[in-house]
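Beneath this line is the structure, given in structure tokens, with notes to follow.
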Amino acid sequence: MEFSHRIAALKPSAIREILKAPSDPDIVTLAAGNPSPEAFPAAEMAAIAAEIFQNDAPGALQYGISEGYTPLRERTRERARRNIGIGTESDDLIITSGGQQVVELAAKTLLNEGDTVICENPSFIGALNALRSYGAKLVGVPCNGAGMDMDALERALREHPEAKMIYTIPTFQNPSGEVMPLPARRRLLELAERYDAVVLEDDPYRELRYDGEHVPAIKSMDKDGRVVYAGSFSKIIAPGIRLGYALAPAPLIAKMTAAKQVSDVHSNLFFQILVERYMARHDLDAHIARCRALYKTRRDAMNLALGRHMPGAEWIVPEGGLFLWVKLPGGMDGTEFCRRAKEKKVMAVPGSAFLTDEGGFSDAIRLNFSLPTPAQIETGIERLGKTL
Ligand SMILES: Cc1ncc(COP(=O)(O)O)c(C=O)c1O
């Protein structure tokens, strides 16, 4: 069968493939990007779910509107204004099937085949693949320990003044864990204005901060409506519900809505109602504070275990998010290292999986600390040490 040009070169995400590996209970996986099941408010959700089925099944099981369940849209908008300081009169919000769909809808609405998108290199595979699937030409800009390197971004824009979009994960970047400081965020916005590029700010980890101070979102400084903000409920409630949102200028949200209608009509209405009621009755901020406490302990456990078992490796302790990005000593090949680590029953993701240039070399690996318990972290890192 001959596939479309759009999809022919697209490979399944290396991480999704790894997650499909046969389940041997002795394997420790540090590869996923999953939140801990301990962080799911399952009991509260079960009570609300029972109530919805009992009292509101006709509405919850019916078709909904594509922009999203109105009370959830309003509540999400209000929370984004209060907690992140984003959303103006001219902005609108659409509920999506995860933050992933925001990238997909933004690509579908704004990019033509062959358009240039500048992004961090390495970056989130799901987004890179979404952009690739619409024929985007990816231009990678390295991170410099503080997110995307702004001098390198300026050079990239000089070389590609035609760039349509800058895709960035400024807070606890996936996979590097880095945070773009405020002056860099301002400069990114100035450069985007100068070169007339749209900024896609992907921010699913913002609320998972364990140390340090919040840095204002790029969207909060957006004066001329060029920033599309992608939010997600995956890491603060649960990823299986597949809910996220885009906050962007109203005309763009209208187009994204039309694009969503041909994708999935609307996001799962039952879960939209459930999340809205959860937010109305429970203190989501307090729930997130408990998640932060859980993940901070795990991040610290992984940092200590790396210090004990991985001599010569280098990493920066991230102030938040779910990942530790570890550079292997002596320019070791991350892909080969992960293959051998799997033989020792520990799974990590090779840095090469996150590169804009597929098949490129990376001496880094990405480790997740939210899903494994502290005991699994110790075992897993000890096995990585043996692999080393
Ligand atoms: C940077 C980034 N953006 C978006 C997503 C997608 O998340 P979801 O679609 O579950 O909201 C992820 C998930 O890992 C991510 O790391």
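The values are calculated or read from the model by the stated rules, or taken from the named source; none is laboratory data. Keep in mind that what you see is a predicted model, and the values were worked out from it rather than measured. Heads up, the Cβs are rebuilt from the backbone with ideal geometry, glycines too, and the neighbour counts pull from every protein chain shown. For accessibility, only protein heavy atoms count, side chains too; no ligands or nucleic acids. Shrake-Rupley method; radii C 1.70, N 1.55, O 1.52, S 1.80 Å.
Within the accessible surface of the chain, defined with a 1.4 Å probe on protein heavy atoms only, the carbon and sulfur portion equals 53 percent.
Using only the Cα atoms of region 208-282, build the gyration tensor, take square roots of its eigenvalues as a ≥ b ≥ c, and label the shape rounded, prolate or oblate: rounded if a/c is under 1.5, else prolate if a/b is larger than b/c, else oblate. Here region 208-282 falls in the oblate category.
Taken along the Cα-to-beta-carbon direction at a fixed 7 Å, the label points for residue 182 and residue 151 span 2.4 nm.
Apply 1/(1 + (r/R0)^6) to the Cβ-Cβ distance of residue 361 and residue 340, taking R0 = 22 Å, and write down the FRET efficiency to the nearest 0.05.
Efficiency at R0 = 22 Å is approximately 0.85.
For region 69-177, the list of trypsin sites (Lys or Arg not before Pro) that fall in a loop by DSSP and count at most 10 other C-beta atoms within 10 angstrom is empty.
Over 21 Å apart at the Cα level, from the set 137/164; 164/255; 11/219, are 11/219. For the residues 123, 90, 232, a GNM of the chain with alpha-carbon springs under 10 Å puts the largest fluctuation on 90.
Using a cut-off of 12 Å between beta-carbons, work out the net charge of the residues near residue 262 (Lys and Arg +1, Asp and Glu -1, residue 262 not included).
Working: positive: 108, 255, 260; negative: 104, 264.
With Lys, Arg at +1 and Asp, Glu at -1, the net is +1.
Find how many whole Å separate the alpha carbon centroid of region 348-368 from the alpha carbon centroid of region 267-302. Region 267-302 and region 348-368 have Cα centres spaced 29 Å from each other.
Which percent, to the nearest 5, of DSSP beta bridges fully inside the chain are antiparallel? Kindly include the intermediate steps, with their values, before the conclusion.
Working: 21 of 40 bridges.
Among the beta bridges of the chain, antiparallel pairing accounts for roughly 50 percent.
The calculated Kirkwood hydrodynamic radius for the chain is 21.5 Å, given to one decimal from all distinct C-alpha pairs.
Taking each residue as 0.36 nm, the span from residue 214 to residue 289 lengthens on full extension beyond its C-alpha to C-alpha distance by 25.6 nm. Give me the percent of DSSP beta bridges within region 63-281 that run antiparallel, rounded to the nearest 5. Antiparallel bridges: around 40 percent, rounded to the nearest 5. For residue 296, the aspartates and glutamates whose Cα falls under 12 Å of its own Cα, not counting residues fewer than eight places away in the same chain, are 211, 319. Distances between placed amide hydrogens fall under 5 Å for residue 86 paired with 81, all partners being 5 or more residues away or on another chain. On a per residue basis, region 272-380 carries 40 Å² of accessible surface, using protein heavy atoms and a 1.4 Å probe. Under a 5 Å amide H cut-off, with hydrogens placed 1.01 Å from N, residue 172 pairs with 179, 180 among residues at least 5 apart or on other chains. Annotation: amide H of residue 121 within the under-5 Å range of 141, 143, sequence separation 5 or more or interchain, hydrogens built in the peptide plane. Straight-line cross-link partners of residue 344 among the aspartates and glutamates, defined as a Cα under 15 Å from its Cα and at least 8 positions apart when in the same chain: 24, 26, 336, 378, 382. Here's the list of aspartates and glutamates a cross-link from residue 108 could span, going by alpha-carbon distance under 15 Å and ignoring same-chain residues fewer than 8 apart: 264. Measuring nothing but how far apart in sequence close Cα pairs (under 8 Å, 6+ apart) lie, relative to its length, region 63-281 scores a relative contact order of 29 percent. The DSSP beta bridges internal to region 104-206 are antiparallel in roughly 5% of cases. Just checking the listed ones, 122, 374, 12: in the Gaussian network model of the chain with Cα springs under 10 Å, the one fluctuating most is 12.
Going by average Cβ density within 10 Å per residue, which order do the peptides 271-278, 31-38 take, highest to lowest?
Result, highest mean Cβ count within 10 Å first: 271-278, 31-38.
Sequence gap at least 6, Cα distance under 8 Å: using those rules, report the relative contact order of the chain to the nearest whole percent.
Once divided by the residue count of the chain, the mean separation gives 24 percent.
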